[in-house]
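Right, one structure below, let's go through it.
Only the coordinates and a few stated rules stand behind these numbers; no lab work does. What you are looking at is a predicted structure, and each value in this text was computed from that prediction instead of being measured. Here Cβ is always computed from backbone atoms with ideal geometry, including for glycine, and neighbour counts include all displayed protein chains.
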4 protein chains.
Amino acid sequence: MTNDSRRLRFGMVGGGDATSVGALHRNALRLNGDTELVAGVFSHDLEKSRRIGAELGVAEDRVYASAEEMAVAEAARPDGIDFVDISTPNAFHYPASKAFMQQGIHVACEKPLCLTPEEGEDLELVAAESGTLFCLMHTFTGHAMSREARALYEDGVIGQLRTVVVEYPQDWLVDALEQETEQDKTWRSIPELSGRGAAIGDIGSHMENWVHYVTGLRVTAVLANLEAIGAGTMLDNNFQVITKFENGASGFFWGSQVAVGYDNAFKVILLGEKGSIEFWQENNNYLVLRLRDQPAQILSRGSSYSRPESLKYLRTPKGHPEGLTEAFANIYSAFTDAVRDRQAGVVTPEHDYGYPTLSMGLAGVRFFNACVDSQEAGNTWVQL
Amino acid sequence: MTNDSRRLRFGMVGGGDATSVGALHRNALRLNGDTELVAGVFSHDLEKSRRIGAELGVAEDRVYASAEEMAVAEAARPDGIDFVDISTPNAFHYPASKAFMQQGIHVACEKPLCLTPEEGEDLELVAAESGTLFCLMHTFTGHAMSREARALYEDGVIGQLRTVVVEYPQDWLVDALEQETEQDKTWRSIPELSGRGAAIGDIGSHMENWVHYVTGLRVTAVLANLEAIGAGTMLDNNFQVITKFENGASGFFWGSQVAVGYDNAFKVILLGEKGSIEFWQENNNYLVLRLRDQPAQILSRGSSYSRPESLKYLRTPKGHPEGLTEAFANIYSAFTDAVRDRQAGVVTPEHDYGYPTLSMGLAGVRFFNACVDSQEAGNTWVQL
Amino acid sequence: MTNDSRRLRFGMVGGGDATSVGALHRNALRLNGDTELVAGVFSHDLEKSRRIGAELGVAEDRVYASAEEMAVAEAARPDGIDFVDISTPNAFHYPASKAFMQQGIHVACEKPLCLTPEEGEDLELVAAESGTLFCLMHTFTGHAMSREARALYEDGVIGQLRTVVVEYPQDWLVDALEQETEQDKTWRSIPELSGRGAAIGDIGSHMENWVHYVTGLRVTAVLANLEAIGAGTMLDNNFQVITKFENGASGFFWGSQVAVGYDNAFKVILLGEKGSIEFWQENNNYLVLRLRDQPAQILSRGSSYSRPESLKYLRTPKGHPEGLTEAFANIYSAFTDAVRDRQAGVVTPEHDYGYPTLSMGLAGVRFFNACVDSQEAGNTWVQL
Amino acid sequence: MTNDSRRLRFGMVGGGDATSVGALHRNALRLNGDTELVAGVFSHDLEKSRRIGAELGVAEDRVYASAEEMAVAEAARPDGIDFVDISTPNAFHYPASKAFMQQGIHVACEKPLCLTPEEGEDLELVAAESGTLFCLMHTFTGHAMSREARALYEDGVIGQLRTVVVEYPQDWLVDALEQETEQDKTWRSIPELSGRGAAIGDIGSHMENWVHYVTGLRVTAVLANLEAIGAGTMLDNNFQVITKFENGASGFFWGSQVAVGYDNAFKVILLGEKGSIEFWQENNNYLVLRLRDQPAQILSRGSSYSRPESLKYLRTPKGHPEGLTEAFANIYSAFTDAVRDRQAGVVTPEHDYGYPTLSMGLAGVRFFNACVDSQEAGNTWVQL
Ligand SMILES: NC(=O)c1ccc[n+]([C@@H]2O[C@H](COP(=O)([O-])OP(=O)(O)OC[C@H]3O[C@@H](n4cnc5c(N)ncnc54)[C@H](O)[C@@H]3O)[C@@H](O)[C@H]2O)c1
Ligand SMILES: NC(=O)c1ccc[n+]([C@@H]2O[C@H](COP(=O)([O-])OP(=O)(O)OC[C@H]3O[C@@H](n4cnc5c(N)ncnc54)[C@H](O)[C@@H]3O)[C@@H](O)[C@H]2O)c1
Ligand SMILES: NC(=O)c1ccc[n+]([C@@H]2O[C@H](COP(=O)([O-])OP(=O)(O)OC[C@H]3O[C@@H](n4cnc5c(N)ncnc54)[C@H](O)[C@@H]3O)[C@@H](O)[C@H]2O)c1
Ligand SMILES: NC(=O)c1ccc[n+]([C@@H]2O[C@H](COP(=O)([O-])OP(=O)(O)OC[C@H]3O[C@@H](n4cnc5c(N)ncnc54)[C@H](O)[C@@H]3O)[C@@H](O)[C@H]2O)c1
């Protein structure tokens, strides 16, 4: 934050529980220290929302009953919010984002972008009309080393992508899934709230997004196998997807939420003509770069040889680990840079700021919906 | 080798070049020290074969023109070979194995078993009739920790398999493939010698076999995508396969021979109801075991807590690494144990000795042929 | 921060440059979000200090010329600071800490505590008289897994410590040291500002502290070899120390600031009668626990089996890395818990809050001074 | 072994038990396949020695009562042994080596070379007079990557050594040591058989040797602390040594045989002016190379970029692990190359073959004796 710039004002939609991802958003925004929370709809339940607003120091009259009400009211205030941060269950991303963009308010929204390609296309239209910025919170792209990977790829260090392998095993839903009954199931098990497909939309969208973000390549076809393992009520919790990318490269995605003993082991191997890049989010301060006929290299965040893109929001020196909080914070830093530029009349393509965009979000929604289509069609290729 | 037992006599078919896998077979057999090489067809070219036989100390009259000739001649000798070791290009596995089994000579043969399911079924018939033993050289099953994994699985430590992920990237064919012309192509690029499918038969068969060996589960259906990346003449060199196993579990297999910077990174994650097991052949002295709500455990070969199955052929103490030579040697030890037992009139099921069997080999041939079928049918499910 | 509690007010002494550790302190305190910066002496140079104060939103009249002036003035205000955060060069830790404690203001201070044992003893007296709290910013103790290690040790999981090995290689001073001339040398090369011994006080103190923090054991004797490698002007930049602890255990400490290619590789192996614990700060979300006749265990932060002590300030779920910022933030959380308790009249021993204490700091100062004594005496045992 | 060369004949002194290191020697020599065992004193006990000789196929009249008898008898035979392999307890290395060298028979002997510097000096004289070759079995130097490290160091890749850190924790003596009584103690606990110092001579000698082997630098002074931890009868089982090398570099050696949970974790960090090299014998197929301002590099055995020195005895392709057996076998290969050259009249300095030499062995004996001196003198510097 430069000397004379004021703190940006933001509001939240969602994030009303201590374990919600919205709490991590607040951590990251506090770490950045250049914004202040002034408004919100923290829960569907207005009572609860008010209680949380009070705890968070939000003025009572700026805790609203709905995103739509908040959008209109804040747009009308001279000291209205500069942007909104949306972290509700998936189904509300679309209406909430739309409401704020229509009022000319910039949006940072959780992933997946929305439930259907149609919703996503509509959001693209609205964004184009309103001229608002849209930042999609695909956390892993916020790691400095994801940006290093992107810079390396864009520089042609590994050549054209030939194939990519993405694994994402977790076990945090093992217990939940096995015990969940019809009554106590959470929004993640309810297609109307979560979207078609559960794990594929939840973690599959991270996987597709990271590859898209780093290589700029879109998935053009998928061949998917979605499974529901165990006795719970949830839809898919384990999936394998074979993909084709626009440049002809292939991909292999495996995700699981019942992988006993795995915490959050998102791992990508990008294989190019001249080399390969390995990123493992549980070890996010490093990247492995392999070049033809050379020893494997371990790139360490914050080094003298690091790319400007990964050094941009450096908070701690090399060897002093950064983590998920910084990943979120880096995305917000890129986004608030864009917001300040817009407010100052500077127009730069959103891609250049380094945060995931609405158009990537739409590609992601197409991706996971196509995976469900492929599954429903008996595991056949589906074009996007 | 017990005090009074004599060294077993064996012959080789193949293994005539320093870089052939047959040279590794000889290393392993020498390490074991309980056999002697007395006969062979080391090459298609009799001249070359004689030269090699001489170098290896094989009597001139026991270097033969063909496997068939050798089988008949050796069977007729009072000091004939106890077993034959076959390491020719794939196409010769079937006729050679058959020739020896028909003469009542036990066989250790390289993978894949043969080219087609029909050949494999015929070999099963011949084996049943002749009562000979058959050991398939799927190297990775020879690692002590593969046997530890098998013992853990059989004991139910991780419960029923739910899904499995196998990766096998290599880069040793990158240069070869890109430069290979019609004239200079090796047997691996010629379907008549290699079989339908190249990488899928070559490394895909290792992948399927390891899972089969450890869990006892057969693949019942495959959905495969085979690709030929780069400018060479070879068939597939990169593949993704989604599989179903007989117990309903799913699988995800990725293999590549153009993965720049990867040496021989065969890695498996077996995910069960109660835990998971991770094996990485480049780090073959360890196994990672993850159990529900417990820290991940690193099992080290040769420890006080190791299973008898992995301790059986221990050659070096814990912390003193064993490698591929021991993996081969362990398979031979199991096989020669079986041969000696048979010669002593003791009949035990081959499975119990711990080497991969003919029936596993047949499953493997069905597997890779089904993958090619799936590819040819436009990537659809093919039942085995 | 509970609902009705107000933000604590704090002031800073030091931290006036973007690369100063004080900037990381502010990051951590912002992440916690329960304090506000209201006063400071950010630099020796009042002009610079004012400029920084303004940037940080500190009222002009609360930017002071010296720590002493600030202590008196803030103590006199009804809205005076609740605690001070000191991050100046080492030499100023003592006078500044003393000044604030004498005014009854709680202190969080950077390491090492001070320059000499005499200063440290004086601080203990002042603390006892004033009844103020004192938190020493030994960062690595703030990692959740350091607290896990402490809980494991206190529970007797590895039995009594037998020996400990601590390594701490860095390379960040390689260039500096080689180029530094008499004119441009920084405070780290000036004994009056840095203390006797450079690396031994700077990183050696972290090493001794971590072991003391986790095991509760004091070093009673040292046998040290301090070296100045390379062409710079600095004192020691590489050292080896053999130690004895009060329970008879031995220790071996190696630290280097000219270890080319090492970022900040602080690593400890605690070896006990029944097991051992390994902590590596560059991989701070894990701990390796080895127990007799059992596989090595990898403990992952935030797991179901984690100790309450390491879960206490959990910010992100398991598998979502935390880093140095959280380590600092955890120390502050413990400290502000203590400050609030004191303000509420609750008196609990400082040890129980989990932050490093003044008495640990004094032990650390004795440690590094004894190391210099040992070096000066020709590398002989020096009792502490 | 070239076509026309005969197998070398060798005899053994020691190696009479399945768990003796001599059994590993035989494994390695069989793997090489270019030697045959024809004579031996396998045990002090002639009866036992004869039984073992018979099992190993050694003619009855070539099983001798003592090394001295064997040396004389074998030297007298036209088909006498080409070299002897000695793997007795330490105390017998000296008399046995001397006996064979005096008869002009080349020697491969286990470490440490002997018990005292005087013995070692005498062996140097005898070797000079007899013109025999002497190979010291310091196993870890046999790993291909130790030779890669040596080649890198000799090429100046990391510049002059500045400091070195060697760790060697094991736990295999924990149980033994605690239970050992006066009656049942093994030769390792008896100074007359083991030498002054136990662990320091046993594993300390490996540590000093590896550094000497790779860098060519001798230790010139030691400052040692030797400890006997636990209730057993053994001498030291844990030690810390600070060293000085002839070029002014320092060193830090920690060894332990009561490090619960550590298998055989020999690890070295060589720190030079321009970079550093890390070798970990439990992961012996790799080396980490760190160069200034560059990413860390993982060198993999058998790669296109590997040095000729490490490729020389390559047995398995990259990514197919080699282990301890190959380490032993590589040392023997270098030694038998030298023996054959000598027999053919070619004289090349022993250093160039790549096996550890007698002169290195003497340096090692001086090293561990000096460590004991340092301990006895109250942990003071002792010059070598
Ligand atoms: N980027 C990441 O790594 C990541 C991680 C977790 C979750 N997420 C995404 O964040 C979103 C929220 O997930 P979560 O795990 O925090 O869920 P959650 O159920 O824990 O929290 C959702 C919060 O939204 C509130 N809410 C529900 N309906 C609302 C409405 N209509 N208006 C306002 N608030 C409402 C709830 O009260 C709750 O506090 C999901 O879209 C999910 O995909 C992303
Ligand atoms: N288990 C493993 O890890 C592993 C590794 C490599 C190869 N293999 C298998 O081993 C086999 C051989 O592969 P390779 O890499 O050694 O091939 P290669 O081409 O290097 O060697 C094949 C050898 O067989 C000889 N040969 C060819 N035709 C013959 C015939 N008709 N009769 C006798 N000898 C003949 C050749 O002269 C050559 O020496 C293949 O089936 C392959 O799949 C297995
Ligand atoms: N805990 C850790 O991990 C860690 C890391 C780095 C530094 N440190 C410690 O933090 C302290 C500062 O180190 P640094 O690297 O930030 O040094 P630095 O030189 O980068 O910063 C010191 C700051 O203090 C200010 N200052 C100097 N004299 C002052 C005075 N008399 N009054 C007020 N401010 C003054 C300077 O203007 C500067 O902004 C040292 O004691 C060091 O040991 C600890
Ligand atoms: N290089 C390595 O990695 C390594 C590993 C282990 C041991 N060693 C060394 O090898 C030597 C033997 O150690 P070990 O562990 O095999 O011991 P061990 O006690 O297991 O075996 C020693 C063998 O020597 C025989 N022996 C004893 N006295 C003899 C004599 N006078 N003449 C002939 N044979 C005799 C014994 O019968 C026994 O078979 C030691 O010097 C040790 O330092 C080296």
What helix-only [θ] at 222 nm does the protein assembly as shown give? Using -39500 (n - 2.57) per DSSP H run of at least 4, over all residues, to the nearest 500, the answer is -10500 deg cm²/dmol
Taking alpha-carbon centroids only, segment B:149-177 lies from segment D:208-283 a number of Å equal to 37
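Quick check on chain B: of the DSSP beta bridges with both residues there, what percent are antiparallel, nearest 5%? Before the final figure, lay out the partial values.
Numbers: 37 of 63 bridges.
In chain B, DSSP labels about 60 percent of beta bridges as antiparallel.
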Roughly how many whole Å is it from the C-alpha centroid of segment B:90-136 to that of segment D:36-52?
43
Can you compute the charge dipole magnitude of segment A:8-132 about its Cα centre, using +1 on each Lys and Arg Cβ and -1 on each Asp and Glu Cβ, nothing else charged? Give it in debye, rounded to the nearest 20.
420
Averaged over residues of C:245-254, the number of beta carbons from other chains lying within 10 Å of each residue's Cβ is 4
Restricting the calculation to Cα positions, tell me the Rg (one decimal) and the Dmax (whole number) of segment A:256-339 in Å.
15.0, 45
Just to be sure I understand: with springs between alpha-carbon atoms less than 10 Å apart, which residue in C:Asp373, C:Asp85, C:Asp34 has the highest mean-square fluctuation in the Gaussian network model of chain C?
C:Asp34
Straight-distance crosslink candidates among aspartates and glutamates, where the alpha carbon sits under 19 Å from C:Lys48 and sequence neighbours closer than 8 are dropped
A:Asp4, C:Asp17, C:Glu60, C:Asp61, C:Glu68, C:Glu69, C:Asp85
Could you identify which residue out of A:Pro356, A:Pro78, A:Pro317 has the top mean-square fluctuation in a GNM of chain A using Cα springs shorter than 10 Å?
A:Pro78
How big is the convex hull of the Cα atoms of the protein assembly as shown, per residue, in Å³?
177
Please report which chain C residue places its beta carbon nearest the axis carrying chain C onto chain B, with the distance rounded to a whole angstrom.
C:Gln297, 3
Using the Karplus curve 6.51 cos²θ - 1.76 cosθ + 1.60 with θ = phi - 60°, work out ³J(HN,Hα) for each residue of segment A:294-305 in order, rounded to whole Hz, and write x for Gly and Pro.
10, x, 4, 10, 9, 8, 10, 3, x, 8, 4, 8
Provide an ascending nm list, one decimal, of label-point separations from A:Val21 to the equivalent residue in each further copy; define each label point as 7 Å from Cα along Cα→Cβ.
3.6, 4.5, 5.7
With no solvent and one equal point scatterer placed on each C-alpha of segment C:8-132, evaluate the Debye formula and give log10 I(q)/I(0) for q = 0.10, 0.13 Å⁻¹, two decimals.
-0.27, -0.46
Semi-axes (Å, rounded, descending) of the ellipsoid equivalent to chain B per its C-alpha gyration tensor are 31, 27, 19
When chain D is modelled as a GNM with alpha-carbon springs shorter than 10 Å, which of D:Gly142, D:Gly345, D:Gly323 fluctuates the most?
D:Gly345
Give me the number: length gained by fully extending D:Thr116 to D:Arg7, i.e. 0.36 nm times residue separation minus the C-alpha to C-alpha distance, one decimal in nm.
35.7 nm
For C:Glu192, label point 7 Å along C-beta direction: distances to other copies, nm
6.6, 7.7, 9.1
Could you check the simple spin-label distance between A:Tyr305 and C:Ser304, using points 7 Å along Cα→Cβ, in nm with one decimal?
4.3
Computed over chain B: relative contact order in percent, which uses C-alpha pairs under 8 Å that are six or more apart
19
How far is C:Gln294 from the same spot in each other copy, in nm, shortest first, if each label point sits 7 Å from Cα toward Cβ?
0.9, 4.3, 4.4
Cα gyration tensor of segment C:141-180 diagonalised, 5x eigenvalues square-rooted, in angstrom largest first, produces semi-axes 35, 13, 5
